[in-house]
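For reference, the structure is listed below as structure tokens.
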Amino acid sequence: MELTIEMRARPGKVQELYQTLQALLPTIRSEKCARDCRVYQDVEDENVFFLVMNWEKKAGLEHYLQTGGGSALLGAVDLLSSTARVRLGKDSPWEGIESLKRMRGG
């Protein structure tokens, strides 16, 4: 299962968002069901980042979202991005970040 989170950094927070996402990569990758996790920056708009995670199964993602790392990720999105949207699966429609918060139970 692929999860993509697209984030637009708040004004003046581009570097902080990038560094925070980079810092989260090792904890995401260490999760039992995590296959891969990468951060990409839009080449045409340096304020836009994509966090792409691949999970063996949805339950692994749901578990991660309930950990401290999941809390840190959602907190960083709230604090450092002006807009964010998510897509679960390559062919799914984009949704608001609230869909991840619902998966987390919050």
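The values are calculated or read from the model by the stated rules, or taken from the named source; none is laboratory data. Only a predicted model underlies this, so the values are computations on that prediction, with no experimental measurement involved. Cβ: placed from backbone, ideal geometry, glycine included. Neighbour counts: every protein chain shown.
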Here are some conditions: (1) within 22 Å of residue 18 (Cβ to Cβ); (2) surrounded by 12 or more Cβ atoms within 10 Å (Cβ to Cβ). Residue 45 meets all but one. Which one does it not meet? (2)
Go through (1) without any contact (Cβ under 8 Å) to a residue 60 or more places away in the chain; (2) part of a helix (DSSP H, G or I); (3) touching a Cys at 6+ places or on another chain (Cβ under 9 Å) one by one and return the number of the condition residue 99 breaks. (3)
Criterion violated by residue 71 - all others in (1) out of contact with any helix residue (DSSP H, G or I) (no Cβ under 6 Å at 6 or more places or on another chain); (2) at pLDDT 95 or above satisfied: (2)
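Every residue, every condition in (1) within 28 Å of residue 12 (Cα to Cα); (2) of a type in the set (A, V, I, L, M, F, W, C); (3) within 13 Å of the chain's Cα centre (by Cα), yes or no:
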{"site": "62", "(1), (2), (3)": "no, no, yes"}
{"site": "65", "(1), (2), (3)": "yes, yes, yes"}
{"site": "73", "(1), (2), (3)": "yes, yes, yes"}
{"site": "78", "(1), (2), (3)": "yes, no, yes"}
{"site": "81", "(1), (2), (3)": "yes, no, yes"}
{"site": "84", "(1), (2), (3)": "yes, yes, yes"}
{"site": "96", "(1), (2), (3)": "yes, no, yes"}
{"site": "102", "(1), (2), (3)": "no, no, no"}
{"site": "105", "(1), (2), (3)": "no, no, no"}
